[in-house]
1. Just a yes or no: is a residue in the stretch 207-226 under 19 Å from VAL298 (Cα atoms), of a type in the set (Gly, Ala, Ser) and either in the same structural domain as LYS64 (by TED's automatic domain parsing) or modelled with pLDDT of 95 or more (or both)?
2. Considering only residues that are open to solvent by less than 10 Å² (accessible area, probe 1.4 Å) and within 16 Å of the ligand (Cβ to nearest atom), look in the stretch 112-127 and name the one that is nearest to VAL80 (Cα to Cα).
3. Please specify each residue of the stretch 53-92 satisfying the condition of being farther than 30 Å from GLY22 by Cβ and basic (Lys, Arg).
4. Filter the stretch 52-94 down to the residues that are small (Gly, Ala, Ser) and within 16 Å of the ligand (Cβ to nearest atom), then identify the one that is nearest to THR194 (Cα to Cα).
5. Tell me, please, whether a residue that is within 20 Å of the chain's Cα centre (by Cα) and surrounded by fewer than 18 Cβ atoms within 10 Å (Cβ to Cβ) can be found in the stretch 167-184.
6. Only one residue in ASP251, ASP247, ASP258, ASP220 is free of Cβ contacts under 8 Å to residues at least 24 places away in the same chain and out of contact with any Lys or Arg (no Cβ under 7 Å at 6 or more places or on another chain), so which one is that?
7. Go through the stretch 255-313 and give me each residue that's of a type in the set (Val, Ile, Thr) and farther than 24 Å from ALA229 by Cα.
8. I'm trying to understand the selection: among the residues of the stretch 206-235, which are over 19 Å from ASP251 (Cβ atoms) and more than 25 Å from the chain's Cα centre (by Cα)?
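The values are calculated or read from the model by the stated rules, or taken from the named source; none is laboratory data. Not measured: the values here are computed from a predicted model. Here the Cβ positions follow ideal geometry from the backbone for every residue, glycine too, while neighbour counts run over all protein chains shown. We work out accessible area using only protein heavy atoms, side chains counted, and drop any ligands, DNA or RNA first. Shrake-Rupley method; radii C 1.70, N 1.55, O 1.52, S 1.80 Å.
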Amino acid sequence: MLAAGLLVSLMAACGGGGGGSGKLTLGFAQVGAESGWRTANTKSIQESAEQAGINLKFSDAQQKQENQIKAIRSYIQQKVDVIAFSPVVESGWDTVLKEAKDAKIPVVLTDRAIDSADTSLYVSFLGSDFVEEGRRAADWLVKDSQGKSGPINIVQLEGTTGSAPAIDRKKGFEEVVSKDPKFKIVASQTGDFTRAKGKEVMQAFLKAQPKIDVLFAHNDDMALGAIQAIEEAGKKPGVDIKIISIDGVKDAFQAMKDGKINVVVECNPLLGPQLMDIVKKVTKGEQVPKRIQTQEGVFTQDQAAAALPNRKY
Ligand code: GZL
């Protein structure tokens, strides 16, 4: 009787929401499936949960904040051990995260941050420094434009309005280019991180702007959509209009190899292993760093061919 009682209490301690399997249960509320980056991010989380023996409940919010909030509430009701999510936008999370806190369920932010002043609402934020990614994009342009007089007309395809990557990549890029008046951002609009919208907005830019020298796209999918628009307008992407992009998906490396994208600033989506490590530590009551930053590089056209076979996403 005593042994049985001990076993039951041990299993209970191992985590709720797992249907008594004794396995930890992680509830993950994903942004959507808007880009190659997101697909790779989802795959990394699902495969890592499997490998870590963690029971994963997963939802796709189709880029709608109300769907992410609904999913988080459902995980709270199911009494999962940990909740993790990539906030589609920075604001509007305090209420639901307070509900998770009241339910004593730790929350991990992955990929994107929130702008809440109350940092007790999450135990850790695992993801890139998007401002730095924007700076790196601009640094390449500054170097590439050395010796050239202006104006150098730039169009910017921004990510999802209100999202941390869109806000911060814009901030980092404009912080650098604003130092030299030869750089002119003549148009800037969201393409919502998708190929279709990136193409549509680039078509509008091409119609409205008499001269475009550079496209800065906040992600590869919008850059790849824009390439279609540029070619349909009879111009050479990577030559007539230089293209700077962020993420580093295989299709972008192929486009660099084909001379159509000039530089890609890497943003690593493979966050699954680190997330599972955080989940295990947190449920054991171990301390985890409040901020865990992913390491990433910058790749230019001359490196694309050699790097392509080794790309993992
Ligand atoms: C960045 C991530 C962004 C990618 C896009 O960490 O949130 O969202 O850059 C994705 O490709 O849609």
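1. Checking the stretch 207-226: at least one residue is under 19 Å from VAL298 (Cα atoms), of a type in the set (Gly, Ala, Ser) and either in the same structural domain as LYS64 (by TED's automatic domain parsing) or modelled with pLDDT of 95 or more (or both).
2. SER124
3. LYS64
4. Step by step, filter the stretch 52-94, then rank; the result is ALA61.
5. Of all residues in the stretch 167-184, those within 20 Å of the chain's Cα centre (by Cα) come to 167-174.
Now drop any that are not surrounded by fewer than 18 Cβ atoms within 10 Å (Cβ to Cβ), which leaves 171.
Among the residues of the stretch 167-184, at least one is within 20 Å of the chain's Cα centre (by Cα) and surrounded by fewer than 18 Cβ atoms within 10 Å (Cβ to Cβ), which makes the answer yes.
6. Selected residue: ASP258, the only one of ASP251, ASP247, ASP258, ASP220 that is free of Cβ contacts under 8 Å to residues at least 24 places away in the same chain and out of contact with any Lys or Arg (no Cβ under 7 Å at 6 or more places or on another chain).
7. Of everything in the stretch 255-313, those that are of a type in the set (Val, Ile, Thr) and farther than 24 Å from ALA229 by Cα turn out to be ILE278, VAL279, VAL282, THR283, VAL288, ILE292, THR294, VAL298.
8. Taking the stretch 206-235 as the starting set, the residues that turn out to be over 19 Å from ASP251 (Cβ atoms) are 206-214, 233-235.
Residues satisfying the conditions are LEU206, LYS207, ALA208, GLN209, PRO210, LYS211, ILE212, ASP213, ALA233, GLY234, LYS235.
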